[in-house]
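Below you'll find the structure, written out as structure tokens, and then a few comments.
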């Protein structure tokens, strides 16, 4: 793969410079809130703005550790539990479904695809009340499950629609070879097709995780106890509480982003290999 | 395409079957709840008869929803709850914080799903809406509110019945930075003209002279209406000489730069933060900010005054009410309420939170020797309530749209007023 | 039993794979769809919410919305503008970045990976970041624009009805670029390199390679990206709710925020449901067109 196409040293440097410029421009907002969080309130409102803190101020971070009523670490853990569970549900259900759609020509397939598309179209205000009533009757109100199940409804159709393309691109011969080796349809699906579509599964997993991770409305509606709510609800409350006190707000934002960034950097190897390893190495 | 349709039909059928199940469940749930409600109402009828005699019989858990994000307020509420729980065996009270931005939604969804707490502490202009929804218990005759200010009591009342008890009140005043006014050589303004003049003189390159929360929501309406009332017009008369005059006045402030336009994105808390950071010379804000300001900036030279007037004094009446949820643990909630509204507990809450008691006698003696609070108590005499009207959210929405249109320059005061009036008339029916 | 076995041979076995996911969605989303449609034909306000029977009013809510409610038309137009503007820029920038980072230079992969960050951050936080950067007097965006000489006076981005929409569009583009980039990147890797090589040997230039090989082979990916992008952008909620709440003066009010406002702030449940249905119907028609298009393609 890496030997596919050699590029010259000169080109390499040129590309790298452009890449770094793009990087700087696109990720500037993140840098900006990071330095803002380290400034004093006066320096934040200083004109012209300073591009690094002239007086290092860590009071905004300390204040967050001290203020007792909202525990950031717990809400971060809540978000993790919710997002991972919801991702698992989405993947377990979406992988077979997308395979079924891609590889079999059963009646009503188009309608089912349409059905999956349709489920993504509802504005959040539509789902809140009916789901609330359902979760209450199922005794799931005010538990992680309510939000997990609701968040999975975003990840499933998305994953189905993306993954069906992956499965469709796998040559039929591969599957047939598996039958000759003694697999039936289900074992062939699990042993041969899923490993080949691994990259797609990983990407869908990431997206499903992120949809659940970023959700605000469900977490705030179906969970009433502050100690069970996800981190997005925490930030939203925090904004209501501190309004335009930007040193506090940006510090909170940074603390929310740092763990995400760490997970991401740690996982990056898998994400990138999932994205770029050749589709079919058959 | 035919196939698609056929499958769609099947899907729809299945869905309607599912729906059928759902609505059956809901109906049976409703029935159950209806019986429960009847039971409760007979019960409450009985307890009204012997209201004063037996209050110790209440038991069970009582959940309270409230929306104060200020830590001091939360601590005060939790303290009286702890004291109450320790004082008796039967009832165990627990408070849950529901963010303000979420409070209305949570109550209205909770109402459709019968998943509500037993007691809520809510913003008084919303009280009538929920009372009309039927989620509050009628507690007429269980609390003596005759010594309370009229405004707060009216906000708990619908069709002559009492659906809540005033928690405490606050009102708006003019806050000013004494040093900045002195620097600009200004006296404290008392009329609109003076306010316009002082605000302009205190405006510098880096800070505006004046701001008040002008969000396009209830908070903004609360801060805007005193200007209308000060002309003698009512909340329902926006397209009147007074209403248009008020809109023109606000427009003048913004257009001249004396008031910052950013205020349409500021909550009252934001406005206070700007003021204590020295980014504002004057602001309109409420009683409840005083404890925070004293704690955060003890050295800042600030003071309060009555809101400058046009033809008459006016201020906005804010505050919360307690309301007992119908069909919940009503007895337990009422028992706690008796405790919470007793003179001593009430006074503790009011003083800690920087609120003015809704009880006139308590209020009169509440802030002896505190000049800042005394001005608020004086201003209370002129504080007007919003509503009470079940459709108040609609009226408020029309008003806040009007002043936002004017402040952003999207509409002339006359056009905005006419549009708002059309909406208001369609709601209030002239 | 025999019949059963026969049914699940060949293609019908596909049902078994699809069923769990489909049932899940039907249960959790199908019911809300139906209940929302019913609600929109009733007259449920705060006074009738707890009533046992709710009056059926036919299309009255819709008629009133279209005839009397100018905010609806504003929201409709805003939603369309927001969606088209976001989609256009996200897609073009995302596509360009995907092609660029598909080149085999040293730091391509780690940088592309890091560019995913905007997508990973909860939208609530993104909204906060942009609200800060779009501040009038101390916002960094005004500072840059002044520095570049593009503006002479600070723009009051979020408090001016004329510019607030642009600000939320920019924030949403920032979120959407990685989404487009990663999906197109993955799509690009599925194109066999040999195709390019043999075409180059045949003398095709870069433009031809792009239009004759890349675009046609990426078509399924592009379709999915655009249709999903359209749906997610069209029903945007969190970002606008946190950044502007639909203001100032409804200039960023979109269908989803307006529906939310009607239902949960003004307690006009049926009107709120009707607005949501209008949004839903528009998306539904668009996906029907999309499906029909894909369908006829496959037939051909």
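Among the listed residues C:13, C:37, identify the single one that is at pLDDT below 90 and crowded, with 16+ Cβ neighbours inside 10 Å. Let's see the steps before the verdict.
Working: C:37 fails: at pLDDT below 90.
Of C:13, C:37, the one residue that is at pLDDT below 90 and crowded, with 16+ Cβ neighbours inside 10 Å is C:13.
Has region C:274-288 got at least one residue that is under 28 Å from residue B:100 (Cβ atoms) and more than 9 Å from every other protein chain (Cβ to nearest Cβ)?
Kept after step one, since they are under 28 Å from residue B:100 (Cβ atoms), are these residues of region C:274-288: C:274-276, C:279.
Next cut, more than 9 Å from every other protein chain (Cβ to nearest Cβ) only: C:274.
Looking for residues that are under 28 Å from residue B:100 (Cβ atoms) and more than 9 Å from every other protein chain (Cβ to nearest Cβ), one finds at least one in region C:274-288, hence yes.
Please give the number of the condition residue B:114 fails out of (1) within 14 Å of chain C (Cβ to nearest Cβ); (2) under 20 Å from the mean Cα position of the chain (by Cα).
Failing condition for residue B:114: (2).
Among the residues of region B:167-189, is any more than 30 Å from residue B:274 (Cα to Cα), modelled with pLDDT of 90 or more and touching a strand residue (DSSP E or B) at 6+ places or on another chain (Cβ under 9 Å)?
No, the conditions are met nowhere in region B:167-189.
Based on this model, can you work out whether residue A:106 counts as in a helix (DSSP H, G or I) and at pLDDT below 85?
In short, no.
Hey, among B:107, B:119, which residue is away from chain C (no Cβ under 14 Å), surrounded by 21 or more Cβ atoms within 10 Å (Cβ to Cβ), in contact (Cβ under 8 Å) with a residue 40 or more places away in the chain and touching a helix residue (DSSP H, G or I) at 6+ places or on another chain (Cβ under 7 Å)?
B:119
Cβ-Cβ under 6 Å, sequence separation 6+ or interchain: first residue in region C:243-263 and within 12 Å of chain A (Cβ to nearest Cβ), partner surrounded by fewer than 24 Cβ atoms within 10 Å (Cβ to Cβ) and part of a loop (DSSP other than H, G, I, E, B). Which pairs?
C:256/C:237
Please verify whether region B:76-97 includes one or more residues that are within 8 Å of another protein chain (Cβ to nearest Cβ), surrounded by fewer than 19 Cβ atoms within 10 Å (Cβ to Cβ) and part of a helix (DSSP H, G or I).
no
Only residues that are within 7 Å of another protein chain (Cβ to nearest Cβ) and over 8 Å from the mean Cα position of the chain (by Cα): list them for region C:221-241, please.
Once the filter is applied, which keeps residues that are within 7 Å of another protein chain (Cβ to nearest Cβ) and over 8 Å from the mean Cα position of the chain (by Cα), region C:221-241 yields C:221, C:224, C:237, C:238.
Please enumerate the residues belonging to region A:220-233 that are facing another protein chain (nearest Cβ under 9 Å) and under 19 Å from the mean Cα position of the chain (by Cα).
A:220, A:230, A:231, A:232, A:233
Considering (1) crowded, with 16+ Cβ neighbours inside 10 Å; (2) under 27 Å from residue C:251 (Cα atoms), say which one residue C:67 fails and leave the rest.
Residue C:67 satisfies every listed condition except (1).
Is one or more of the residues making up region A:96-118 more than 7 Å from every other protein chain (Cβ to nearest Cβ), crowded, with 23+ Cβ neighbours inside 10 Å and more than 21 Å from residue A:165 (Cβ to Cβ)?
no
Count, please, the residues in region B:118-141 that happen to be out of contact with any strand residue (DSSP E or B) (no Cβ under 8 Å at 6 or more places or on another chain) and either outside any loop (DSSP other than H, G, I, E, B) or on the phi < 0 side of the Ramachandran plot (or both).
Counting residues in region B:118-141 that are out of contact with any strand residue (DSSP E or B) (no Cβ under 8 Å at 6 or more places or on another chain) and either outside any loop (DSSP other than H, G, I, E, B) or on the phi < 0 side of the Ramachandran plot (or both) gives 4.
For residue C:145, are the conditions met, namely being touching a helix residue (DSSP H, G or I) at 6+ places or on another chain (Cβ under 7 Å), assigned to a helix (DSSP H, G or I) and surrounded by fewer than 22 Cβ atoms within 10 Å (Cβ to Cβ)?
No: the conditions fail for residue C:145.
Give the residue, chosen from B:368, B:425, that is without any contact (Cβ under 8 Å) to a residue 60 or more places away in the chain, surrounded by fewer than 16 Cβ atoms within 10 Å (Cβ to Cβ) and not in a helix (DSSP H, G or I).
Every option except B:368 fails the conditions.
Regarding region A:174-190, can at least one residue be identified that is assigned to a helix (DSSP H, G or I), within 11 Å of another protein chain (Cβ to nearest Cβ) and touching a residue at least 60 places away in the same chain (Cβ under 8 Å)?
Yes: region A:174-190 contains one or more residues that are assigned to a helix (DSSP H, G or I), within 11 Å of another protein chain (Cβ to nearest Cβ) and touching a residue at least 60 places away in the same chain (Cβ under 8 Å).
In region C:42-56, which residues are within 22 Å of residue B:397 (Cβ to Cβ) and out of contact with any helix residue (DSSP H, G or I) (no Cβ under 6 Å at 6 or more places or on another chain)?
Residues satisfying the conditions are C:45, C:48.
Find the residue count for region B:140-173, including only residues that are surrounded by fewer than 20 Cβ atoms within 10 Å (Cβ to Cβ), in contact with a helix residue (DSSP H, G or I) (Cβ under 6 Å, 6 or more places away or on another chain) and closer than 21 Å to residue B:378 by Cβ.
Looking only at that region, the number is 1.
Do we find a residue being over 17 Å from residue B:374 (Cα atoms) and assigned to a loop (DSSP other than H, G, I, E, B) anywhere in region B:280-293?
yes
Looking at region C:127-163 only, could you name the residues that are under 25 Å from the mean Cα position of the chain (by Cα) and farther than 28 Å from residue A:257 by Cβ?
C:160, C:161, C:162
Hey, among B:318, B:332, B:327, which residue is part of a loop (DSSP other than H, G, I, E, B) and either over 19 Å from the mean Cα position of the chain (by Cα) or at pLDDT 90 or above (or both)?
Criteria check complete, one pass: B:327.
When region B:269-279 is examined, which residues are found to be under 24 Å from residue B:186 (Cβ atoms) and in a helix (DSSP H, G or I)?
The first filter runs over region B:269-279 and keeps only residues under 24 Å from residue B:186 (Cβ atoms), leaving B:271-279.
Once the filter is applied, which keeps residues that are under 24 Å from residue B:186 (Cβ atoms) and in a helix (DSSP H, G or I), region B:269-279 yields B:271, B:272, B:273, B:274, B:275, B:276.
State all residues of region A:24-48 that are in contact with a helix residue (DSSP H, G or I) (Cβ under 6 Å, 6 or more places away or on another chain) and at pLDDT below 85; if no residue qualifies, say none.
Matches in region A:24-48: A:41, A:44.
Looking only at residues that are assigned to a loop (DSSP other than H, G, I, E, B) and either in contact (Cβ under 8 Å) with a residue 12 or more places away in the chain or more than 7 Å from every other protein chain (Cβ to nearest Cβ) (or both) in region C:93-120, which one is farthest from residue A:10 (Cα to Cα)?
Looking at residues that are assigned to a loop (DSSP other than H, G, I, E, B) and either in contact (Cβ under 8 Å) with a residue 12 or more places away in the chain or more than 7 Å from every other protein chain (Cβ to nearest Cβ) (or both), I get C:116.
The values are calculated or read from the model by the stated rules, or taken from the named source; none is laboratory data. Keep in mind the model is a prediction, meaning the values are calculated, not measured. Here the Cβ is made from the backbone with ideal geometry for all residues, glycine too, and neighbour counts use every protein chain on show.
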